[in-house]
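The structure appears right after this line, and notes come after that.
The values are calculated or read from the model by the stated rules, or taken from the named source; none is laboratory data. As the structure is a computational prediction, the values presented were derived from the model and not from experiment. Because the Cβ atoms are built from the backbone with ideal geometry, glycine has one as well, and the counts that use them run over all protein chains shown. Accessible surface is based on the protein model in full, side chains and every heavy atom, while ligands, DNA and RNA are left aside. Shrake-Rupley method; radii C 1.70, N 1.55, O 1.52, S 1.80 Å.
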Amino acid sequence: MADQDSVVLPPHVHDPEALPPEVRAAAEGSLLTYWQDRVGQHVHDSYAGVRLMKFPEDLRMFEHLLWLSRAQVVVELGTHSGGSALWFRDRLRILAAYGLVPQDIRVVSVDLSQKHTHDVLAAADPGYAEHITLLEGDVLDPATGVRVAECIPQGARCLVVEDTRHAYETTYAALSHYARFVPEDGFFVVEDGVIDVPELCVHIKPPGETGGVVSAVRDWLSTDQGEAFEKRSDLNRYGISCRNMWLRRTAGTTSAPGS
């Protein structure tokens, strides 16, 4: 048990930097305004002291799918600050604690640069590297997928999350290069279809050219590779969300992870 004098307490709850900005849901207000405010709020949220830009409703659905698909590994395309890598790692630990997956859980998180992420994660958890692998690479480059495969335990069931530039080219490339890691009844999740709904994004504007996420998913699903997946629009069932696209593999073969 820790010495009470040595315990480092989190920032006080009244510290405006410790919590996301408040969003009010007035009974007389409009759903559109509330949704717009929630989209603006989620980019200022955090987990374990590290920035985490996901709706709580979407995180809850991820918990359901990790449990149902028995995922041992999460392949995360787009690391940002690393908060989601920590969150996914902790959810996988829970699955392992329940005996649903092997203890050798892993999050493989890919981004163009991990220059600052190592320091951020080490500050939150000095032992993060035991179960989180940070890779630098471009999802447009097939060679990056080869390096990801080398980090996955043999035979592990994977869930893949695409949260990169939210543009047609990167979304389509991510689906093309990483869908092979998803086993039957597993999921590939393309995040932030909300980017293609301008009226919901009045409080945010991602850097660079964005948009085309929804059309990239639609076009890829019409390919031979995409025909092995079904789009589960019903999984945005908490109402307010970032309009993620939850793709479930229904058939087809995958490359053996770790091979």
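Tabulated results
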| read-out | value |
| --- | --- |
| Boolean, LEU140 is under 15 Å from HIS177 (Cα atoms) and either surrounded by 13 or more Cβ atoms within 10 Å (Cβ to Cβ) or touching a helix residue (DSSP H, G or I) at 6+ places or on another chain (Cβ under 6 Å) (or both) | yes |
| Residue count for the stretch 93-126, restricted to those that are open to solvent by less than 90 Å² (accessible area, probe 1.4 Å) and free of Cβ contacts under 8 Å to residues at least 60 places away in the same chain | 21 |
| Matching residues, the stretch 150-176, being within 12 Å of LEU140 (Cα to Cα) and over 17 Å from the mean Cα position of the chain (by Cα) | TYR168, GLU169, SER176 |
| From THR170, THR164, THR133, residue being open to solvent by less than 50 Å² (accessible area, probe 1.4 Å) and in a strand (DSSP E or B) | THR133 |
| Residue selected from the stretch 44-54 under the condition open to solvent by 30 Å² or more (accessible area, probe 1.4 Å) and of a type outside the set (D, E, K, R), by the criterion farthest from ILE204 (Cα to Cα) | ALA48 |
| Hits in the stretch 178-199 (condition: open to solvent by less than 10 Å² (accessible area, probe 1.4 Å) and either modelled with pLDDT of 95 or more or in a helix (DSSP H, G or I) (or both)) | TYR178, ALA179, PHE181, VAL182, GLY186, PHE188, VAL189, VAL190, GLY193, VAL194 |
| Given (1) more than 14 Å from VAL74 (Cα to Cα); (2) touching a Gly at 6+ places or on another chain (Cβ under 8 Å); (3) of a type in the set (A, V, I, L, M), index of the condition VAL194 fails | (2) |
| Residues satisfying the stated conditions in the stretch 29-42, i.e. open to solvent by 10 Å² or more (accessible area, probe 1.4 Å) and part of a helix (DSSP H, G or I) | LEU31, LEU32, THR33, TYR34, TRP35, GLN36, ASP37, ARG38, GLY40, GLN41, HIS42 |
| Selected residue (criterion: most open to solvent (accessible area, probe 1.4 Å)) from residues of the stretch 55-90 that are assigned to a helix (DSSP H, G or I) and of a type in the set (Lys, Arg) | ARG60 |
| Per-region count, the stretch 43-54, residues in a loop (DSSP other than H, G, I, E, B) and among the charged types (D, E, K, R) | 2 |
| Residue list for the stretch 97-113, restricted to those being assigned to a loop (DSSP other than H, G, I, E, B) and hydrophobic (A, V, I, L, M, F, W, C) | LEU100, VAL101, ILE105, LEU112 |
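Residue-by-condition table, conditions (1) at positive phi; (2) in a strand (DSSP E or B):
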site: LEU140; (1), (2): no, no
site: GLY155; (1), (2): yes, no
site: LEU159; (1), (2): no, yes
site: SER215; (1), (2): no, no
